[in-house]
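Okay, so here's the structure we're looking at.
The values are calculated or read from the model by the stated rules, or taken from the named source; none is laboratory data. Quantities reported herein were computed from a predicted structural model and do not represent experimental measurements. Note: ideal-geometry Cβ built from the backbone for every residue, glycine included; neighbour counts use all protein chains shown.
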C-alpha cells in the first residue's frame with residue numbers, strides 16, 4: 001500500500017477536473033505506483049466530483065489500470081498466437097523459476113509481477129514481453145534471464 | 001516480380017518534404033481534397049474499409065463550430081504491427097495527414113489515440129509533434145494535435161468505444177446511428193481514421209489520385225502495408241500492391257510448407273491451402289487491416305482457434321449478451337468436442353451460434369468472431385475433433 005498524498009490534487013491541477021481527464025490521471029498514478037488503491041480512486045472521485053463507482057468502473061475496464069497490488073516491475077508476457085507458437089511457454093517457465101512466482105502473482109518484496117497479456121504488436125519478433133512500458137523481443141530463455149538479472153540489480 | 005503478381009511499393013515510407021506538401025494541400029479547397037479522396041477510391045486501412053472520401057464528405061457537411069479528427073492508433077488486432085512501425089518511422093506524415101483531413105472537414109483539433117502497449121514511443125512522438133506544430137505555425141495554418149493513451153483494451157479500436165475511452169469512460173461501443181461523422185468524440189462531428197489511412201491520404205495529395213489508381217484493383221485501389229508473421233522465413237512489414245492472391249503471397253512469404261493463412265487477424269478469415277490460388281487479398285476476396293499470419297503443417301488449427309477464442313473471450317467488453325456469452329460458449333464448445341464430452345455434430349450447433357453473433361452482436365468485435373470460427377472449423381473440422 002502506498003499513500004497517495006497530494007498526488008491526485010497535483011494531477012487534477014495538471015490535467016483539469018473534467019471527466020475526460022480521468023484516464024490520464026489514473027494512468028499517471030499507475031505509472032508512479034504500479035496500481036490503484038481504493039483510497040486513490042476515492043480521492044480521484046472527490047477531485048473530479050464524480051462517484052467512486054464511476055472511477056472504479058472505468059479503471060476496472062482497462063487491463064493496464066490495475067486495481068490489485070502490483071510490483072515495481074510488471075512483466076507482461078504476450079500469449080497471443082504467434083508468441084504462443086514461438087516459445088512463450090519457455091519464457092514463462094524461465095520467469096517463474098527466476099522469480100519464484102506463478103503467472104498472476106507478485107514477488108514478496110513487491111519488485112516483480114508476472115502476468116500474461118494479449119497481442120502487444122511484436123508478432124514478427126516473437127516471443128515478446130513488456131516490462132512496464134519497455135518491449136523486449138525475439139526472446140530466448142537465456143535472453144530473458146539476462147534481462148531479469150539486470151532488473152534485479154536496479 | 002511481375003510474374004508472381006506480387007509488387008512491392010514504397011508509398012507510406014517514401015521520403016517527402018512535408019512542409020511543401022502541406023503548403024500545397026492547404027491551398028486546396030475542402031471540396032478539392034475530398035474529390036481527390038473519392039477519385040482515388042481509398043478505403044480505410046484499419047480493416048473495415050469504409051471509403052475515406054465519403055467519410056470526409058459526410059463530416060464536412062455537418063454544421064458545427066467544433067469538429068475533430070481522431071487518428072485510431074489503437075492497433076490491437078493479433079498479427080498487426082504496421083501502425084507502430086509507421087508511427088515510429090514517419091509520424092510527421094501521420095500528423096500531416098491529420099491536418100489535411102482537418103482541412104477537408106473543417107476541424108481544428110486532432111487526437112491520436114495510441115494504445116497503451118506503445119507508450120514507449122511517446123517521448124519520440126512528442127518531439128516529432130513539437131516539430132510539426134512549429135512547421136504548421138510557419139505555414140500559417142491552425143491545427144492542434146494531442147495524444148491520448150489507451151490502457152490495454154482491444155475493444156477501444158472500435159471507433160465509438162474509442163470515443164468513450166477519450167471521454168474517460170469504460171470502452172463500451174455506442175449504438176449506431178448516430179455515426180461518428182454526425183456525433184463522435186464529445187458528441188461533435190468526427191472523422192476517425194486509421195494511422196495508415198491518414199498517411200495514404202497525404203500521399204494521394206502528393207502524387208494525385210490518378211497515380212494511385214494505377215495500383216491495385218477496382219475494389220481495392222492502391223497499396224497497403226502488410227504485417228507478416230507466423231511460420232515465415234521473412235517476418236516483418238511489407239508494403240504491397242493490392243489484388244494479389246493468397247498463393248502469390250505464400251510463394252513470397254511461405255516456408256514451403258504453408259497449410260493455412262489467417263488473413264485479417266483473429267477477426268479475419270482462415271484460408272486453407274486448397275483455396276490459396278482462388279482467393280484474392282482485398283475487398284473482393286478476403287479483406288485485411290494488414291495482419292497476415294502463416295501456419296505450416298506442424299501447427300494444430302485447434303490450438304490456433306482456441307487461442308483466438310480465448311482472446312475474444314477476454315477482450316469482449318461484456319456489454320451485449322451475444323458477444324459476452326457467445327465467445328465463452330464457442331470456446332467451451334470446442335474444448336468439449338476435443339475432449340469427447342460433446343459429439344462432433346455439436347460443431348454444427350456452434351456454427352449456428354457464430355451466425356447468430358454476426359447478426360445480434362452490437363459491434364464489430366462480436367460480429368466478426370464468426371469469421372475465424374467458421375473458416376477454421378469449416379476447413380479443418382477433423383483437426384478440431386481429433
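Which residues, taken from the stretch A:134-148, are assigned to a loop (DSSP other than H, G, I, E, B) and without any contact (Cβ under 8 Å) to a residue 24 or more places away in the chain? Give the derivation first.
Pass one, the stretch A:134-148, residues assigned to a loop (DSSP other than H, G, I, E, B): A:137-140.
Scanning the stretch A:134-148 gives A:137, A:138.
In this structure, is residue B:101 within 17 Å of residue B:197 (Cβ to Cβ) and over 17 Å from the mean Cα position of the chain (by Cα)?
On the way: within 17 Å of residue B:197 (Cβ to Cβ): yes; over 17 Å from the mean Cα position of the chain (by Cα): yes.
So residue B:101 fits the description; yes.
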May I ask you to list the residues in the stretch A:72-84 that are surrounded by 23 or more Cβ atoms within 10 Å (Cβ to Cβ) and either more than 16 Å from the chain's Cα centre (by Cα) or at pLDDT below 95 (or both)?
-> A:80, A:81, A:82, A:83
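Yes or no, residue by residue, for (1) surrounded by fewer than 24 Cβ atoms within 10 Å (Cβ to Cβ); (2) within 26 Å of residue B:282 (Cβ to Cβ):
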| site | (1), (2) |
| --- | --- |
| B:97 | no, yes |
| B:117 | no, no |
| B:122 | yes, no |
| B:145 | yes, no |
Go through the stretch B:195-211 and give me each residue that's buried (at least 24 other Cβ atoms within 10 Å of the Cβ) and either free of Cβ contacts under 8 Å to residues at least 60 places away in the same chain or touching a strand residue (DSSP E or B) at 6+ places or on another chain (Cβ under 7 Å) (or both).
-> B:195, B:196, B:198
Residue satisfying all of: in the stretch B:133-183; more than 14 Å from every other protein chain (Cβ to nearest Cβ), closer than 25 Å to residue A:16 by Cα and in contact (Cβ under 8 Å) with a residue 24 or more places away in the chain; nearest to the chain's Cα centre (by Cα) among these = B:159
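Scan B:210, B:218, B:188 and give me the residue that is within 14 Å of chain A (Cβ to nearest Cβ) and more than 14 Å from residue B:287 (Cβ to Cβ). Give the steps one after another, and end with the answer.
Details: B:210 fails: within 14 Å of chain A (Cβ to nearest Cβ); B:218 fails: within 14 Å of chain A (Cβ to nearest Cβ).
Result of the check over B:210, B:218, B:188: B:188.
I'm trying to understand the selection: among the residues of the stretch A:57-71, which are more than 7 Å from chain B (Cβ to nearest Cβ), in contact with a helix residue (DSSP H, G or I) (Cβ under 6 Å, 6 or more places away or on another chain) and buried (at least 20 other Cβ atoms within 10 Å of the Cβ)? Quick ask: steps written out before the conclusion?
Applying the first criterion (more than 7 Å from chain B (Cβ to nearest Cβ)) to the stretch A:57-71 yields A:59-60, A:66-71.
Remaining after also requiring in contact with a helix residue (DSSP H, G or I) (Cβ under 6 Å, 6 or more places away or on another chain): A:59, A:67.
Of everything in the stretch A:57-71, just one residue is more than 7 Å from chain B (Cβ to nearest Cβ), in contact with a helix residue (DSSP H, G or I) (Cβ under 6 Å, 6 or more places away or on another chain) and buried (at least 20 other Cβ atoms within 10 Å of the Cβ), namely A:59.
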Check whether at least one residue in the stretch A:19-28 is in contact (Cβ under 8 Å) with a residue 24 or more places away in the chain, within 14 Å of chain B (Cβ to nearest Cβ) and surrounded by fewer than 18 Cβ atoms within 10 Å (Cβ to Cβ), and report yes or no.
-> yes
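So is residue A:144 away from every other protein chain (no Cβ under 12 Å), over 27 Å from residue A:40 (Cα atoms) and at pLDDT 95 or above or not?
Working: away from every other protein chain (no Cβ under 12 Å): yes; over 27 Å from residue A:40 (Cα atoms): yes; at pLDDT 95 or above: yes.
So residue A:144 fits the description; yes.
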Just one of B:55, B:19, B:15 is part of a helix (DSSP H, G or I), over 18 Å from the mean Cα position of the chain (by Cα) and either assigned by TED's automatic domain parsing to the domain that holds residue B:75 or surrounded by fewer than 19 Cβ atoms within 10 Å (Cβ to Cβ) (or both); which is it?
-> B:19
Look at residue B:265 and say whether it is in contact with a helix residue (DSSP H, G or I) (Cβ under 9 Å, 6 or more places away or on another chain), modelled with pLDDT of 95 or more and not assigned by TED's automatic domain parsing to the domain that holds residue B:78.
-> yes
How about the stretch B:115-226: which helices (runs of 4 or more DSSP H) wholly inside it have at least 2 residues that are under 18 Å from residue B:40 (Cα atoms)?
-> B:195-207, B:209-212
Does at least one position in the stretch B:312-335 carry a residue that is under 23 Å from the mean Cα position of the chain (by Cα), within 12 Å of another protein chain (Cβ to nearest Cβ) and closer than 28 Å to residue B:273 by Cβ?
-> yes
Criterion: within 14 Å of chain B (Cβ to nearest Cβ) and at pLDDT 95 or above - qualifying residue of A:131, A:92 = A:131
Spot the failing condition for residue B:190; the list is (1) closer than 24 Å to residue B:96 by Cα; (2) surrounded by fewer than 24 Cβ atoms within 10 Å (Cβ to Cβ), and only one is missed.
-> (2)
Count - residues of the stretch A:105-133 that are farther than 17 Å from residue A:79 by Cα and either touching a strand residue (DSSP E or B) at 6+ places or on another chain (Cβ under 8 Å) or not in a loop (DSSP other than H, G, I, E, B) (or both) | 4
